[in-house]
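Reading through the structure tokens given below for one structure.
Nothing in this text is a laboratory measurement; each read-out follows from the coordinates by a stated rule. Values in this document were obtained by computation on a predicted structure and should not be read as measured data. Cβ sites come from the backbone with ideal geometry, for glycine too, and all protein chains shown count toward neighbours.
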Amino acid sequence: MKIIMLGAPGAGKGTQAKMLSEKYDIPHISTGDIFRANIKNNTELGKKAKSYMDAGQLVPDELVVDLVVDRIKAKDCFKGFILDGFPRTIPQAEALDYALNNQNEKIDYAINVDVPDEDIIERMSGRRACVGCGATYHLVYNPTKKEGICDVCGEKLILRDDDKPETVKKRLQVYHEQTQPLIDHYEKKGALLTVDGTQDIKVVFEDITKVLDK
Ligand code: ADP
Ligand code: ADP
Ligand code: ZN
């Protein structure tokens, strides 16, 4: 099953992608996590991506497309994959379509987690991310068992720099301009599944899996 997650920053893409990855035993590929790992390890890619990310802008297409296209050719993607945070622009979506087409494959589901802008700022200020494994939590809606410590790997949690309200506003603007048009793109292909992302995490998950399990 080949899945992509669509939705505003903070809509819950990563949260659902992690749960789907476990249920269907396919890899969860987050381009945001890949960039953050590169920044942490001070790689050339990390150095190039950082200024864009800090400003709440998208990293240029040419820095992300080849990376993802190569990643989905890896053996562990044989049964499928969940792309989280990619594609984010029409040229990225077209490059992905082209790469899959060449292998007679296609995206089965583009899951649009729908959350209005008003809810996003609050979600982001309460989001805490694990520096070790990338798991995300929320102070109120999805707290860890032990405060400040990841349930999965025991590492520390942080508030991401780009989750501060000013940067979140910029990211929302970028989302509406550059990423939202992808909803139409996948609707035309008959792959779109829109779910109400304002519901409880478990209910959103049920809404998704009841369609995928059909
Ligand atoms: P969120 O979880 O809030 O949606 P991500 O972790 O997916 O955010 O992405 C964080 C930042 O990484 C983005 O604001 C952007 O700068 C960069 N980024 C991630 N994926 C892409 C992509 N496919 N194209 C361009 N930039 C990206
Ligand atoms: P994205 O990957 O789309 O940027 P995340 O999955 O990281 O979003 O979720 C953003 C924040 O909102 C996190 O703190 C997460 O715990 C919380 N969250 C995710 N889904 C829900 C939900 N259905 N209801 C309330 N909070 C949620
Ligand atoms: Zn962790």
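Just to be sure I understand: of the beta bridges DSSP finds with both ends in the range 91-214, what percent are antiparallel, rounded to 5? Don't skip to the answer; put the middle values down first.
Values: 7 of 12 bridges.
That works out to approximately 60 percent antiparallel.
Which of A17, Q103, C133 sits closest to the plus end of the dipole of the chain, meaning its Cα is farthest towards the positive end, when Lys and Arg get +1 and Asp and Glu get -1 on the C-beta?
Farthest along the dipole direction, towards plus: C133.
Using alpha carbon centroids, what distance separates the range 170-214 and the range 97-145, in Å?
The range 170-214 and the range 97-145 have Cα centres separated by 10 Å.
Quick check on the chain: of the DSSP beta bridges with both residues there, what percent are antiparallel, nearest 5%?
Details: 7 of 23 bridges.
So the antiparallel bridges amount to about 30 percent of the total.
Taking the Cα centre of the chain as the origin and placing charges on Cβ (Lys, Arg +1; Asp, Glu -1), which of Y175, P27, Q92 is farthest toward the positive end of the dipole?
Positive-end residue among those listed: P27.
Excluding same-chain residues fewer than 8 positions from K47, which lysines have a Cα within less than 25 Å of its Cα?
Counting by Cα, and skipping residues close in sequence, K47 has these lysines nearby: K156, K164, K169, K170.
Between Rg and the Kirkwood Rh of the chain, both from Cα atoms, what is the Rg to Rh ratio?
A ratio of 0.93.
Ordered by residue, what ³J(HN,Hα) values in Hz, to whole numbers, does the range 5-12 give under the Karplus form 6.51 cos²θ - 1.76 cosθ + 1.60, where θ = phi - 60° and Gly and Pro are x?
Here the 3J(HN,Hα) series is 9, 10, x, 4, x, x, 6, x Hz.
Of K73/K106; K145/K210; K18/K210; K75/K210; K23/K214; K48/K73, which sit over 19 Å apart, Cα to Cα?
As for pairs spanning more than 19 Å Cα to Cα, those are K145/K210; K75/K210; K48/K73.
For N112, which sequence-distant residues (separation of 5 or more, or a different chain) have an amide H within less than 5 Å of its own amide H, given hydrogens modelled in the peptide plane?
L6, L193, T194, V195
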